[in-house]
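First the structure, in the form of structure tokens, and then the observations on it.
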Amino acid sequence: MSSDYGREKQDFHLNGGRCRYCAKNAPPTVDYKDVNNLQKFMSPQGKLFDRKRLGNCAKHQRAVARAVKRARFLGLLRYSGKQ
Ligand SMILES: [Zn+2]
């Protein structure tokens, strides 16, 4: 039907996937102390977005989830709701 989908798919492969931690000039690890960056993965209610929305690969989505949970435990991020 529409040809947009095919073009999008091509761009996807040219960029080497959508995962920001797999990108060439990406930070090598997900840092739980980097709160400003971790907040981009969360809704205003403090929920972690799913992998499809973030575009992360499975490996790095697990790392992000771990980092968010660690940051919550340390009090750097909220568990739920607005602070
Ligand atoms: Zn990745």
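The values are calculated or read from the model by the stated rules, or taken from the named source; none is laboratory data. Bear in mind that the values here come from a model prediction, so they are computed numbers and not experimental data. Quick reminder, even Gly has a Cβ in these numbers, built from the backbone with ideal geometry, and neighbours come from all protein chains shown.
Go through region 13-41 and give me each residue that's buried (at least 16 other Cβ atoms within 10 Å of the Cβ) and more than 8 Å from the ligand (Cβ to nearest atom). Those that are buried (at least 16 other Cβ atoms within 10 Å of the Cβ) and more than 8 Å from the ligand (Cβ to nearest atom): Val30, Tyr32, Leu38, Gln39, Phe41.
Filtering region 15-32 for residues that are at pLDDT 90 or above and touching an Asp or Glu at 6+ places or on another chain (Cβ under 9 Å) leaves an empty set. Checked against the criterion of being outside any helix (DSSP H, G or I) and either within 15 Å of the ligand (Cβ to nearest atom) or hydroxyl-bearing (Ser, Thr, Tyr) (or both), region 65-78 contains not a single residue that satisfies it.
If the condition is being aliphatic (A, V, I, L, M), under 14 Å from the mean Cα position of the chain (by Cα) and surrounded by 14 or more Cβ atoms within 10 Å (Cβ to Cβ), then region 42-83 contributes Met42, Leu48, Leu54, Ala63, Val64, Ala65, Ala67, Val68. For first residues located in region 37-55 and closer than 18 Å to Arg72 by Cα, partners that are among the hydroxyl-bearing types (Ser, Thr, Tyr) and lie 6+ apart or on another chain with Cβ distances below 8 Å form the pairs Leu38/Tyr32; Gln45/Ser80; Gly46/Tyr79; Gly46/Ser80; Lys47/Ser80; Phe49/Ser43.
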